[in-house]
Amino acid sequence: MLRVSARAVIFKDDEVLLLYRKRKTDDGYKEYYAIPGGGIETYESVIDCVKRELREECCVDIEVIDYLGKVEEATKQHLIYYAKIKSGTPTLGGEEKKHNSEDNYYEIRYIKVDDLEKYPILDKNKKLIEKAYKMKEKE
């Protein structure tokens with residue numbers, strides 16, 4: 001079954017807000033950066049989901065500006081939006097904070113858009129972040 005999630009690209013000046021993840025695997029540790037967001041509940045719209053997820057994960061209320069595109073994996077589909085913070089300061093919250101440990105580590109980080117290539121981020125996500133940044137520059 002395909003799991004659908006909604007995620008938000010958010011900027012502070014020339015940096016993008018990402019969720020750093022480090023988790024223990026059988027082969028050591030896997031480290032990567034993800035666009036914050038999560039799974040859509042059966043009762044909610046995609047927009048309501050992305051707002052709820054950012055409130056839970058990052059402790060911020062957002063305004064959704066535009067749809068950027070989707071990223072598909074074998075069993076997942078991520079719907080990505082460009083958004084702005086209306087209120088709050090990004091702080092780890094929700095399940096990520098509750099389950100945060102040395103073997104399952106989460107951290108909110110800002111990464112310079114010009115430095116995206118230096119970090120383990122899905123190429124499709126990098127393209128959508130760059131697309132959102134162009135939108136931001138036109139505002």
Non-local residues with an amide H under 5 Å from the amide H of Val60, with H modelled 1.01 Å from N and Pro and chain starts lacking one, are Arg55
What is the sum of charges, Lys and Arg at +1 and Asp and Glu at -1, for the other residues whose Cβ falls under 10 Å from the Cβ of Lys86?
0
Taking the chain and counting helices only, DSSP H stretches of n ≥ 4 at -39,500 (n - 2.57) each over all residues, the nearest-500 ellipticity at 222 nm comes to -7500 deg cm²/dmol
Which percent of the accessible heavy-atom area of segment 63-104 goes to carbon and sulfur, probe 1.4 angstrom?
45 percent
Given H placed on each backbone N at 1.01 Å, which residues far from Tyr81 in sequence or on other chains put an amide H within less than 5 Å of it?
Arg7, Ala8, Val9, Leu68
Relative contact order in percent for segment 1-125 (Cα pairs under 8 Å, 6+ apart) equals 34 percent
Relative to the compact-globule scaling 2.2 N^0.38 Å, provide the ratio for the alpha-carbon radius of gyration of segment 20-97.
1.19
Normalised alpha carbon radius of gyration of the chain [divisor 2.2 N^0.38 Å]
1.00
When the label point is put 7 Å from the Cα of Lys112 along its Cα-to-beta-carbon vector, which residues of segment 1-35 have a backbone N closer than 13 Å?
14-16
What ranking do 54-61, 10-17, 40-47 get when scored by the average of other Cβ atoms within 10 Å per residue, highest first?
54-61, 10-17, 40-47
List, in order, the whole-Hz ³J(HN,Hα) value for each residue of segment 17-23 obtained from phi through the Karplus relation with A = 6.51, B = -1.76, C = 1.60 and θ = phi - 60°; use x for Gly and Pro.
7, 10, 9, 7, 10, 9, 9
Could you give each residue of segment 83-90 its phi-based ³J(HN,Hα) in whole Hz, using Karplus coefficients 6.51, -1.76, 1.60 with θ = phi - 60°, and x for Gly or Pro?
9, 10, 6, 8, 7, x, 10, x
Integer Hz, Karplus 6.51/-1.76/1.60 couplings in order for segment 111-118, x for Gly and Pro
10, 4, 4, 5, 9, 3, 5, 7
Rounded to the nearest 0.05, what FRET efficiency is calculated for Lys12 and Ala34 with R0 set to 22 Å and r the Cβ-Cβ distance?
0.80
Charge dipole of the chain built from unit charges on the beta carbon (Lys, Arg +1; Asp, Glu -1), centred at mean Cα; most positive-end Cα among Ser45, Leu18, Leu116 is Ser45
Around Leu128, with a cut-off of 12 angstrom between Cβ atoms, what is the net charge of the other residues, counting Lys and Arg +1 and Asp and Glu -1?
+4
Would you mind working out the accessible area per residue for the chain, using a 1.4 Å probe, and quoting it in Å²?
59 Å²
If you average over every viewing direction, what projected area does the convex hull of the Cα atoms of segment 59-139 give, in nm²?
6.7 nm²
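The values are calculated or read from the model by the stated rules, or taken from the named source; none is laboratory data. This is a predicted model, so every value here is computed, not measured. Quick reminder, even Gly has a Cβ in these numbers, built from the backbone with ideal geometry, and neighbours come from all protein chains shown. The area values use the complete protein model at the heavy-atom level, side chains included, leaving out ligands, DNA and RNA. Shrake-Rupley method; radii C 1.70, N 1.55, O 1.52, S 1.80 Å.
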